[in-house]
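Let me begin by presenting the structure, written as structure tokens, before commenting on it.
The values are calculated or read from the model by the stated rules, or taken from the named source; none is laboratory data. Computed from a predicted model, the values in this text were never measured in an experiment. Note: ideal-geometry Cβ built from the backbone for every residue, glycine included; neighbour counts use all protein chains shown. Surface accessibility is based on the protein's heavy atoms, side chains included, excluding ligands, DNA and RNA. Shrake-Rupley method; radii C 1.70, N 1.55, O 1.52, S 1.80 Å.
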Amino acid sequence: METVAILKLKDEKIEINTNTVFPVILSDVMYEGDLDLMMADLKNKAKLISEAKKIKTISEHISGISSNFVTKPFIFSEFLSYLREFDLKPSDFNHATLNELYDIILDYADHHNFDELKEIVKFMIEIDPNYTPAYEILGSVLVEEGNLEVGKKYLELAVKQDPWNVAALSELGETYFNLGEFEKAAEIWLKEVELMPENTVTYFMIADAYRQSKNFEKSARILEKFLNKYPKSILAKYELTEIYKKLDRNLEAEELKEEIANSQPEYVSDVEIWAKIMFQNRKYEKVEKFISKFLDKNKEYEHFRILLTIPLLKSGKKEEARLMIREVKEKFPWYYYGMKNILDEILDEDEKDTLID
């Protein structure tokens, strides 16, 4: 501990040392900025209380002493060194909250700072072994690092502690899926949609899990259930058509194909698959009219312009198609490469050559 300055406030002299800032950091990180609560919780830590009283006195005369300017950026290794300096252990924090530390580890996760994140999570669990979000994010990080089995254990623990944790259920289901345990993945995701039935993507994930396990009957049932709720979903009809073929329910498959052929997308998620089906049925003009009208009203989906290149080519407007594909490729390369399989499927070799710069 080193003296930095002597602060004179009226008739009182206050020694500012290298440890004086720590009560501010600690109250911000562990007590949501409540210095009084921190002092009450750690009243037996004389050294900390001594420095905290200085902060209390200073804050009466200087505003902003507990601002982010003082407490940020947060460096966990420095935080631990302060804890050791003040002889503080995780078991000392009886009334602390972990909300700020959770926000910190979320930021670390976004920046892939996984090593320090895991150290903070370990610290959080020592304070509160029942803090479910810590297990959830640790499991998710381990899965992202490729450590699926260990990550799965932490996610299972998170779900066991909080069966309503939708994020943990979703991640756990994906982990089982990636491990090839498709029936188990479907079982987990079914729990997720019970809690959050509006998570429409999850229905397709369940159907895919059953399809991967060759359980086509259950795959069909989940898609049928989805279509009962969303009868205009072209994507669900398309997926169900493919499942019906696997089950030799060919009449029902043909009926769904006919419905799709005579429909237009109600949902943005249906646009691509609808366009693909229309192209397969040579209904190029129908796609051109719909996409042009759709883009007039929805400028934020400009990348869908790539779907117009096929009708342009089919009607002989080669230069216009070439310019459009070049523009989309430059502005939305991620979408261009994602759609390239559709272009390759629909266009003949001469048309593909037309699009090559």
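Data overview
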item	result
Qualifying residues in the stretch 236-252 (those that are of a type outside the set (Lys, Arg) and assigned to a loop (DSSP other than H, G, I, E, B)) - the one farthest from the chain's Cα centre (by Cα)	ASP248
Single unsatisfied condition, ILE62 versus (1) modelled with pLDDT under 90; (2) among the aliphatic types (A, V, I, L, M); (3) in a helix (DSSP H, G or I)	(3)
Residue satisfying all of: in the stretch 325-357; of a type in the set (A, V, I, L, M) and not in a helix (DSSP H, G or I); surrounded by the fewest Cβ atoms within 10 Å (Cβ to Cβ) among these	ILE356
LEU80, sole failed condition from (1) more than 30 Å from ALA40 (Cβ to Cβ); (2) more than 18 Å from the chain's Cα centre (by Cα); (3) surrounded by fewer than 16 Cβ atoms within 10 Å (Cβ to Cβ)	(1)
Elements of type helices (runs of 4 or more DSSP H) contained in the stretch 153-227, each with 3 or more residues being more than 19 Å from TYR244 (Cβ to Cβ) and open to solvent by less than 50 Å² (accessible area, probe 1.4 Å)	166-178, 182-195
Cross-chain or 6+ apart pairs with Cβ under 8 Å, the stretch 42-66 first and within 20 Å of SER81 (Cβ to Cβ), then modelled with pLDDT of 75 or more and surrounded by fewer than 14 Cβ atoms within 10 Å (Cβ to Cβ)	LYS45/ASP87; LYS47/ASP87; ILE49/LYS43
Given (1) free of Cβ contacts under 8 Å to residues at least 24 places away in the same chain; (2) within 31 Å of the chain's Cα centre (by Cα), index of the condition LYS293 fails	(2)
Yes/no for LYS257 being in contact (Cβ under 8 Å) with a residue 60 or more places away in the chain and assigned to a helix (DSSP H, G or I)	no
